[in-house]
Amino acid sequence: MEFATYYFTLLVMLASVLAAATCFSAYLVSRSRAMILAFGGFLCYFIDVAFMLQDSIAAVVLGTSAGADASYLLMRSVATILIGDACLTFFWLLVCDFVGERRRSLMAVAPIAFLLLSLGLLMGADTPEGRFWFYSLRMIYVFWMLGFGLFRYLTCRDETERTRMAFVVVAVLAALVVAEDALLFLVLRTDGFMLGPILISSERNYAENLLFLAGALLAIGYAVRSLALRFEKPPADESDERAARIGDNLLIYARRHGLTDRESEVLRLILQGKDNQNIASTLTIAPSTVKVYVHRLLRKTGCENRQGLIQDFWRSA
């Protein structure tokens, strides 16, 4: 592996493991489903990229090109399929969590289809066309996520949730991944070539690396903001940033659980740490009425108590 390619690979691995560690840290203090799913996705991608360095080591150990050893190539391909499926599935579940999708049958279709199709395409990966479809299947999975997210984007009336879904950068980079594979496998029909100090190889895809680098930077930024909001527990005051975060997510949370405007206001005050008496004073209603609203909130969200309600809200944040 050329030095430029080697150090770029290290950069991608560092970004992936840093994103995984930051997301896991945010999960520990927030118990956010999004954070633990992002952690799993970036950790799997770190392992996936590590296979590229493993190939160089295998060539030394086996005393030949790793790709020339049939048994190693088969095990390497199966491992790539499994870790790639796990990586993309974590992000697929993250998309589902983002838009409030809870149908397990739908969530299971994509990973099962990817696994079966990958194993099937592996049998015919000895031709340029077969290798193109084998490697491009990962981006087909990504386009499935984009298509599903875009559908929810176009059919969602909640402007706050719509603004949280960004597709353009992901779509462009995913298209570049497919274009890079098409250039190598279908146009040039080569295993790789040198472009200055950079090795362009069929075993790796720089556009895919850039796609995950962009995702890692976004995840790190989101996780760091989440950690900053929870630096004090409970917060000493209601900062503007925290108030905005509650306001944005409250609209989404209320829509998902069918909360009324009054129930949403009661929930906002609960999240601010107010008890029933303070809530009653703020809303100028009787404490007994507040109890009724709290009971409705617990029933609609499926939570057992106020603490569970607060935790469930921040898991969905």
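Descriptive notes on the structure:
- Any chance A214 is out of contact with any strand residue (DSSP E or B) (no Cβ under 7 Å at 6 or more places or on another chain), at pLDDT 85 or above and assigned to a helix (DSSP H, G or I): yes
- Subset of segment 271-300 [within 37 Å of the chain's Cα centre (by Cα), in a helix (DSSP H, G or I) and farther than 18 Å from S30 by Cα]: I279, Y293, V294, H295, R296, L297, L298, R299, K300
- Residue check for V29: part of a helix (DSSP H, G or I), open to solvent by 10 Å² or more (accessible area, probe 1.4 Å) and β-branched (V, I, T): yes
The values are calculated or read from the model by the stated rules, or taken from the named source; none is laboratory data. Since we're looking at a predicted model, the values are computed, not measured. Virtual Cβ from ideal backbone geometry, glycine too; neighbours counted across all protein chains shown. The accessibility values were calculated without ligands, DNA or RNA, using every heavy atom of the protein model including side chains. Shrake-Rupley method; radii C 1.70, N 1.55, O 1.52, S 1.80 Å.
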